[in-house]
Every structure is written in structure tokens, then in C-alpha cells.
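The values are calculated or read from the model by the stated rules, or taken from the named source; none is laboratory data. Computed from a predicted model, the values in this text were never measured in an experiment. Neighbour counts run over all protein chains shown; Cβ positions are idealised from the backbone, glycine included. To get the accessible areas, we keep the full protein, side chains included, count just its heavy atoms, and leave off ligands, DNA and RNA. Shrake-Rupley method; radii C 1.70, N 1.55, O 1.52, S 1.80 Å.
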Amino acid sequence: MLNKIKKSSKIKWALIILLSLFTIFVLFFASIYFGAWGQLPSSTELKELKQNRATEVLAKNGELIGKFYIFDRQPITYKELPTHLINALVATEDARFFEHDGIDNRSLLRVVFKSILLQDDSAGGGSTISLQLAKNIYGRKDYGTLGIVVNKFQEAIIAKRLEDIYSKQEIIRLYFNTVPFSDNTFGIESAAMKFFGKHTSEINLEEAAVLVGTLKASHSYNPRIFPERSRLRRDVVLEQMGKYGYLTEEEVQEAKQRELVLNYKSYSHDKGLAPYFREQVRKDVSKILDTLKNKDGKKFNIYRDGLSVHTTLDVKMQTLAEEALKEHLQNLQKQHEDAWGKAAPWLTNQQIVNDALKKTSAWKNLAKEGHSEAEIMKVLNKEHPTELFNYEGTETKNVSTRDSVAHYLKFLNAGMLAVTPETGAVQAWVGGVNFQHFQYDHVSQSKRQVGSTFKPFVYTAALENGIEPCEYFSAREVTYADGWTPSNSGGEDEDPHMNYNLKEALSQSMNTIAVKVLMETGIENVVNQAKAMGITSDLPKVPSIALGTASLNLTELTEAYTPFVNEGKTSQAFYITKIEDGEGNILAEFKPEISDNRSISETNRKIMIEMMKATVNEGTATRLRSTYGLRNDIAGKTGTTQNNKDGWFVGITPKLLAVTWVGSDDHRIGFRNTYIGQGANSALPVFAKLMQKMNSDPEFNEITQARFTPLSAETKEMMDCDPEKRDGFFKRLFGSGDKDETEESKKEEKKEKKGFFKRLFGGKDKN
């Protein structure tokens, strides 16, 4: 009897304990269900699921060239998911997906008995696609020691609600749109584009298996970092598909024999195609969105709202432009360093290095902490592993911050903008040699002296103010009021008694004549002409402006050249055509901005084109013909600034206008000599290489085979004169006859006459 009582008592206490545990479990579950551990999404919220979506930047043909995102995610529809992709997911992650209601009880029991009781690692994890979807959308929070249990229960509740609201197809779609892949990529569309350069609908069986394989461990099976490991994981996915009847054994073995081939395309901010352009688009779109509101009355978010930004950029031309610039700058960099040798400013000029050092974040942070200059210098002179850019590839070296700054000071940089002159539509935009290491954009941000590329504005103003193209000007040097005496690059070889017409003077880029043409035309008239053509920067009203001493932005210089090939009208550079929301609704639309009025008469426009064609055919830009073998219709203008600080080239074809600048970011570092630094050597080759590449591609025939309109008989007659002529005996003896000569040049005339008599009677003429 006593034993029975004891046994009954044990059963009673066991039941009490079990009931208590069950009650605790129910209360614990209820606390989770009713939000004591954090509010769970309601059915209403789940019906209106909206995930952060990346904003896409699209080229003119709709091709994706970049994204703005916090998480790289781009949702797609169920119809865009290939059957073999869905099968790969189900076979690998949740074989009973179409049979359970969000929780696979059979799998859970298997996990409990095999994994926990029998310690069998092959039992699997029991997680369903619906449970994973809940985790993907809402993530996991840290609840201390009970965290894993709380999170699992929360996911189970959300999974059940999802199954009640959505069909199996919709859950598959939501899963693929939210699941994280390798390289911080969210969603199958972003992953397919990043790793294979394809839309999801285009990926094949093996590619689908690779991507599904990464879901087990996105870093460990990253096909970019661990290709062999990823291939082995792919094969496991293929075997799973065979195991569950989605593939035959023959299909499995055949697919396993294929190589893993990636077509990796990074859409990160500082890599990929056109990074400088994309950054400019980001800035502009952000400003535009500040003026717009969504249907809820809130501002759009460029990183979250999945917008589509359509641009004018030509992907192929941009690719060729980047290639051309890199090929030439890599060559030019070697010339630059070899020419300077051990005398290089970045090695010998401590002031330049110190000034650059003080602009670094390292210096500024130490200064904010109150350290003295000596203390900061001591810290920044300590060596540490540093990644350094080189054209051959980045390398890690043990160098100090100071050494690193000196290393980057040696690099030349560049900018190139190519537009359709009729509309201003940007076709290619290269803001520098490497965005990751040089983020300053030389297309939109930099202002540099433009050198002789300003001369066409001087000559245009001259024509517009009545100077004839066959009017002759002396090449002789003249000293102006401030003691400034411009000279030509030909130096002593030039005959001071030779006179040249406008075409010859411009094509040979004669400085002395450019200033004389400016003075005869009137500085005010030249400035007004440049402004009318699109120059927006302040222009100094001094004689040296004829030689391009004004500092201009590359974009405005490009715009100011458009009238030469756009019927005298200025086209503003434009590159965003429209912005759409995630549903394809147009939020903003943009059209070309072209001036209503001509800034040049049609006759003078054609004369200027003819004069700049001469620059290419027989003047300072003949390398386009002789070195690069270009036979296209091209007009152009080279430019080199004082002390070889900047090299410029403007390339003009009937259908494309491209402007290139090359130089050092620190204006105190120029080219060692004119041979290397002149625009014909530093900037022109970028345009030349681009044209060579475009000539080889029939897709650009409309541009490369375009021809300038022939001159009319009347205009030909206006330009029908000898390019040069000498002064007559008495003209040389008694005066040059230059119309623009002022009081400043009288001393030069006297010297010349004095020199004549010395030569006549045997004296030495220093002039």
C-alpha cells in the first residue's frame, strides 16, 4: 500500500511538473505571440510587404550600369524565375515545401530525434523556406540566453501568417527577392547580374545551382573568392535535384562536368563602369528627389525606394573611353616620371608634400585631438602596411602616410567628356584615372587654365566683328602695357617679318597673332562672344586671355564648343532623361537644353570648322593623321598652359564632340618639358585612341563616317588666300602696318628699324 501511495505521489508530481512546464511553455509562447519580446508584424503589414530596393542607373539602351543601395536588392516577379532555379532551391533547402504549411513537422521530429538524441549530423536543420523568409525579412534580435528560442518562435509565427496570406509561388518569389547572397548582395536578380552578368530569367542550370549553393554559407561558398569550393557545393545542389527527381542521373553528371564560369560585374560605388558619372548622377538625383514627394507625402529615398534613373550614357563608348584614357595615361605616366627622374617635385619639394599631407584625414584627426605639428609629423612618418595604386595593379607596402602622399602626388590625372553636339547628350564621362583612389572628378569639379583651346573664341569674335579670314597679321612679338610680351613656341626659327592669315595662325596656334586678333577685335567683344557661346565662369579682361589664362570647367568648355557643330546654338551637357518609381511611373523627365539664339552666323561657323580642320590636317594636331592614322572628318584644337601645367585637346566630328584634359592635381607640379606636356602629346592621344576603337566597331559608323557640310563657293572664295606672306621692304623699314599696334609696341618698331640699319651696314642685330 505504501509503495502504491509513493508511486501515485511520483506520478502526481510528474504530472504537476509536466503541467507546469506546459503552462510555462504556453505562457512563454503567448508572450512572444502577443509581442512581449517585440511586436510581430500583423497580417495587414505582411500583406503590404515592402523591402528596401536599390535604385538602378540605366544607360541609354536600358543596360544597368550602377546602383545606389543600402542593401543591394532588386525584386523580380515569379514569372522571371526559371523552373530549374526553383527546383534547385526546393531540392536543397526544403524538399517538402509544397506539402507543409510553413512548419515541416516531420523534419522537426527528424531533427529532434536524429540530431539531438542520436547525434547524427546528416539529419538537416528542419528550417523551411517560409521560416527562412521570415528571418530574411525581419532578421534576428539579441534576447540574451533565450535569444535563439525566441527568434525561432517568432519566425514560426511569421511563417504561418505568411502561408495564410501568400500562395506557395508568392512565397518563393518573396524568398528569392530577399535572401542574402555573397558579396553583400540581396535578391536573386542582383546576384545573377553581379556574378553572371545576366538577368535571373537567363541563368542556366549550373548558374542556378551555384547561386542556390551559396545560401548555405554566403561567404564560404562565394564563387568569386572560393571558386573550387563553390563548384563542389554546386555539385551537391545538382545531386539533390537528382535525388528528388528534378534531374535524371545523366543530367546531373553532365552538369557536374561543366566548368564554373563567372562574368562578375560589381555595382559598388567605387568600382565598375563610369563611377565618376554615376557619382554625379547620384548627386543630381538626390537634389531632384528633394523637390518630390511620394503618394504618402514623404520624400523619396534614393537608397531604399527602388527608383530607375535613365541616362544618355553609351555603354560601349564609355567602355572604350575608359580604355583609351587608361592606356594613354599609363604610357604618359612613365614618360612623366622618367623625365623628372630624381628631381621630381614629389621627391624634392617638401612644401608640396607637406601641404598635401595636411589635407589628409589622418592629419586633420590628429590636429583635432590637439597634437602639435611635430607630434603629428612623427606619427605620420611611421611605416605601416598600405595599399598603393599603380597601373599594374594595387600593391601593399610598408610605408608611412607621408610616403603614401608623395606616391599619389606623382600621378597625372585626366578628364574626358564626349557629347552629342546637337543635344548635349553625354555619351562618355571619364572623371579621372581611378575612382577608388582619385575621387575628385575632373569633368564636373575641376577648373584649370584652358590654354590655346580658348583661341577659337577669339577668332570667332574676330569674324563676327568684321575681320576677314584672309586678313593678315604679323607674327612679330609685341610688348603690351604691363610689360607682357607673348611669344610663339617656334622661337628663334620664326621669321618676325612673316604675316599669316587667320586660318594659318589658328592651326599653328600662334600666340603673338592670337593676342593681336584679340586686341583688334576688342577684349570686351571677345569676352561677350565666349559668354554667348556658353562660358559661364568669370573671364579676366586682359590681353593674356587670348592664350587661355582663364580657368574653366571642362563641362562648360565642352558646352561652349557645341555651337561650332550645332548651327551656332549652345547645347548644355545633359545626361538624365527621366526618373521612374518602382512601379514605372515617371517622377521627373528631362529634355535637352539648347539655346534659342545663334551665337555665330552660319558662314562664320563653317569658316571656324574649316580653320580647326586645318589644325588637324596641317597644324598642331597632325598626329591624329600621322601617328594614329585617322581619316575621319575631324576638326580640333590643342591647348597647353604656361610651364606645361595642363594639356588639352578638343576633338570635333559632325556627330561627336569630345574634350580631354591631362595634368597633375597639384598645379605646382607640371610636365618637365613641352615635348611631353603639350596638348598634342598629353591630351590628344586619348581622343585619338577612342576614335581608333570606334572606327573598328561598325556600331559607331553613324558617328565615325559622318562628314562636315562642304563649304559653299562663296565661303571658299572668302578663304582663298595664301596662308602667309612677307612684309615688303619699305613696310619693314618704316612700320609693320599692324592695325592693332599701340603705344606699347613703338619701342619694338624702333628696335626693328635699328636692327635693319645694323644689318645693312654690318652691325650685329641682337633682335
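The residues listed here are 620, 638, 603; of these, the one that is farther than 16 Å from residue 453 by Cα and either touching a residue at least 24 places away in the same chain (Cβ under 8 Å) or part of a loop (DSSP other than H, G, I, E, B) (or both) is 603.
Test residue 701 against the criterion of being open to solvent by 30 Å² or more (accessible area, probe 1.4 Å), in contact (Cβ under 8 Å) with a residue 12 or more places away in the chain and either in contact with a Ser or Thr (Cβ under 8 Å, 6 or more places away or on another chain) or not acidic (Asp, Glu) (or both), and give yes or no. Criteria not met by residue 701.
For residues in segment 455-476 being polar (S, T, N, Q) and crowded, with 18+ Cβ neighbours inside 10 Å, which is farthest from residue 489 (Cα to Cα)? Only one residue tops the list, namely 460. Scan segment 681-688 and tell me whether some residue there is among the hydroxyl-bearing types (Ser, Thr, Tyr), in a helix (DSSP H, G or I), open to solvent by less than 10 Å² (accessible area, probe 1.4 Å) and closer than 15 Å to residue 453 by Cα. Yes, because at least one residue in segment 681-688 is among the hydroxyl-bearing types (Ser, Thr, Tyr), in a helix (DSSP H, G or I), open to solvent by less than 10 Å² (accessible area, probe 1.4 Å) and closer than 15 Å to residue 453 by Cα.
Can you find a residue in segment 452-473 that is outside any loop (DSSP other than H, G, I, E, B), over 41 Å from the mean Cα position of the chain (by Cα) and not acidic (Asp, Glu)?
Yes, some residue in segment 452-473 is outside any loop (DSSP other than H, G, I, E, B), over 41 Å from the mean Cα position of the chain (by Cα) and not acidic (Asp, Glu).
Screening residue 720 against (1) within 30 Å of residue 551 (Cα to Cα); (2) open to solvent by 80 Å² or more (accessible area, probe 1.4 Å); (3) charged (D, E, K, R) leaves a single unmet condition, (1).
State whether the residues of segment 666-675 include one that is closer than 23 Å to residue 559 by Cβ and crowded, with 22+ Cβ neighbours inside 10 Å. No; the residues of segment 666-675 include none that is closer than 23 Å to residue 559 by Cβ and crowded, with 22+ Cβ neighbours inside 10 Å.
Give 354, 365, 349 a once-over and let me know the one that is at pLDDT below 90 and out of contact with any strand residue (DSSP E or B) (no Cβ under 9 Å at 6 or more places or on another chain).
365
Mind listing just one residue for me: the one in segment 601-618 that is open to solvent by less than 40 Å² (accessible area, probe 1.4 Å) and touching a Lys or Arg at 6+ places or on another chain (Cβ under 9 Å) and, of those, nearest to residue 467 (Cα to Cα)? The selected residue is 607. Among the criteria (1) surrounded by fewer than 17 Cβ atoms within 10 Å (Cβ to Cβ); (2) of a type in the set (Ser, Thr, Tyr); (3) outside any loop (DSSP other than H, G, I, E, B), the one residue 479 does not fulfil is (3). A search for C-beta distances below 7 Å between a residue of segment 530-556 that is over 14 Å from residue 516 (Cα atoms) and without any contact (Cβ under 8 Å) to a residue 12 or more places away in the chain and any residue that is open to solvent by less than 30 Å² (accessible area, probe 1.4 Å) and not in a helix (DSSP H, G or I), counting only pairs 6+ apart in sequence or on different chains, returns 540/550. Residue under question is residue 171, and the condition is that it be β-branched (Val, Ile, Thr) and modelled with pLDDT under 75; does it hold? It is false that residue 171 is β-branched (Val, Ile, Thr) and modelled with pLDDT under 75.
Can you go through 286, 308, 266 and tell me which one is closer than 27 Å to residue 413 by Cα, hydroxyl-bearing (Ser, Thr, Tyr) and open to solvent by 10 Å² or more (accessible area, probe 1.4 Å)?
Working: 286 fails: closer than 27 Å to residue 413 by Cα; 308 fails: closer than 27 Å to residue 413 by Cα.
Selected residue: 266, the only one of 286, 308, 266 that is closer than 27 Å to residue 413 by Cα, hydroxyl-bearing (Ser, Thr, Tyr) and open to solvent by 10 Å² or more (accessible area, probe 1.4 Å).
Kindly indicate whether residue 393 is buried (at least 19 other Cβ atoms within 10 Å of the Cβ) and under 20 Å from the mean Cα position of the chain (by Cα). No: the conditions fail for residue 393.
Candidates are the residues of segment 500-514 that are outside any helix (DSSP H, G or I) and polar (S, T, N, Q); the one that is surrounded by the most Cβ atoms within 10 Å (Cβ to Cβ) is 509.
Determine the pairs where a residue that is closer than 13 Å to residue 457 by Cβ, located within segment 559-570, has a partner that is acidic (Asp, Glu) with Cβ atoms under 7 Å apart, the partner being 6 or more residues away or on another chain. Here the result reads 570/559, each pair linking segment 559-570 to a residue that is acidic (Asp, Glu). Filtering segment 330-374 to residues that are open to solvent by 90 Å² or more (accessible area, probe 1.4 Å) and more than 17 Å from residue 404 (Cα to Cα) leaves 331, 334, 338, 342, 368, 369, 373.
Those residues that are closer than 17 Å to residue 426 by Cα and not aromatic (Phe, Trp, Tyr), I need them from segment 646-685; list them, please.
Within segment 646-685, 650, 651, 652, 653, 654, 655, 656, 657, 658, 659, 660 meet the criteria.
Pairing residues of segment 217-240 that are over 15 Å from residue 258 (Cβ atoms) with residues that are of a type in the set (A, V, I, L, M) and open to solvent by 50 Å² or more (accessible area, probe 1.4 Å), at Cβ distances under 8 Å and at least 6 apart in sequence or on separate chains, gives 219/225; 224/262. Please verify whether segment 430-443 includes one or more residues that are surrounded by fewer than 22 Cβ atoms within 10 Å (Cβ to Cβ) and farther than 30 Å from residue 395 by Cβ. Scanning segment 430-443, I find no residue that is surrounded by fewer than 22 Cβ atoms within 10 Å (Cβ to Cβ) and farther than 30 Å from residue 395 by Cβ, so the answer is no. Among the conditions (1) over 25 Å from the mean Cα position of the chain (by Cα); (2) open to solvent by 10 Å² or more (accessible area, probe 1.4 Å); (3) closer than 27 Å to residue 530 by Cβ; (4) charged (D, E, K, R), the only one that residue 625 does not satisfy is (3). Tell me whether segment 529-536 contains one or more residues that are more than 15 Å from residue 456 (Cβ to Cβ) and outside any helix (DSSP H, G or I). Within segment 529-536 (the criterion being more than 15 Å from residue 456 (Cβ to Cβ) and outside any helix (DSSP H, G or I)), the answer is yes, since at least one residue qualifies.
For segment 36-75, how many residues meet the condition of being in a loop (DSSP other than H, G, I, E, B), open to solvent by less than 20 Å² (accessible area, probe 1.4 Å) and at pLDDT below 90? Within segment 36-75, residues that are in a loop (DSSP other than H, G, I, E, B), open to solvent by less than 20 Å² (accessible area, probe 1.4 Å) and at pLDDT below 90 number 4. Within the set 412, 417, the sole residue that is open to solvent by less than 70 Å² (accessible area, probe 1.4 Å), in contact with a His (Cβ under 7 Å, 6 or more places away or on another chain) and modelled with pLDDT of 90 or more turns out to be 412. If you go through segment 449-478 and keep only what is modelled with pLDDT under 95 and of a type in the set (Lys, Arg), you end up with just 476.
How many residues does segment 515-571 hold that are open to solvent by less than 10 Å² (accessible area, probe 1.4 Å) and on the phi > 0 side of the Ramachandran plot? Going through segment 515-571 one residue at a time, the tally reaches 2.
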